[in-house]
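The values are calculated or read from the model by the stated rules, or taken from the named source; none is laboratory data. None of these values were measured; they are calculated from a predicted model. Cβ coordinates were reconstructed from backbone atoms using ideal geometry, including for glycine residues, and neighbour counts include every protein chain displayed. These area figures cover heavy atoms from the full protein model, side chains too; ligands, DNA and RNA do not enter into them. Shrake-Rupley method; radii C 1.70, N 1.55, O 1.52, S 1.80 Å.
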Amino acid sequence: MDTKPGNKPKAAATPFAQATVQHAQALQARTIRDVQIVSRIVTALGLRPPIKPAAPLSRLLGGDANNWDIALMLMAYPSFKHDGLVLQKGDAMNADTLGDMGDLVFAWYASDGWTIQT
């Protein structure tokens, strides 16, 4: 233990401190958990459980919105934006269900070199 004046003894690593180290390692290794992707999609779109992958995107849309608007919402969500998520307009417009749009996000992570952990 360091006993110099003004130095505090180092405490054992807290759960938060341990998690931040693991988080940094995951970012460096470009790994992401599948449930983390789903959680981000749910939060970005303001959905409430139960989440149904077969839900038509038209049920999520209001007014003059279209599938591209959902894709833009996902790409603008801070966590996805930080990762650099890019969805193609044609692919987004061809998505019929929430599951289809989610699969596009998963496909982007895989094609961008991320490891998706289950």
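Considering only protein heavy atoms and a 1.4 Å probe, what is the carbon-and-sulfur percentage of the accessible area of the chain?
On the way: 4470 of 8030 Å².
Taking all protein chains in place, the chain shows 56 percent carbon and sulfur surface.
Probe of 1.4 angstrom, ligands and nucleic acids ignored: what's the accessible area per residue over segment 8-118, in square angstrom? It would help to have the intermediate numbers written out before the result.
Values: 7230 Å² over 111 residues.
The answer is 65 Å² per residue.
Distance between the 7 Å Cα→Cβ label points at Arg59 and Leu45: 1.0 nm. Note on the chain: Rg/Rh from C-alpha atoms, Kirkwood Rh, equals 1.17. Working from label points 7 Å from Cα in the Cα-to-Cβ sense, the Val21 to Phe106 distance is 3.3 nm.
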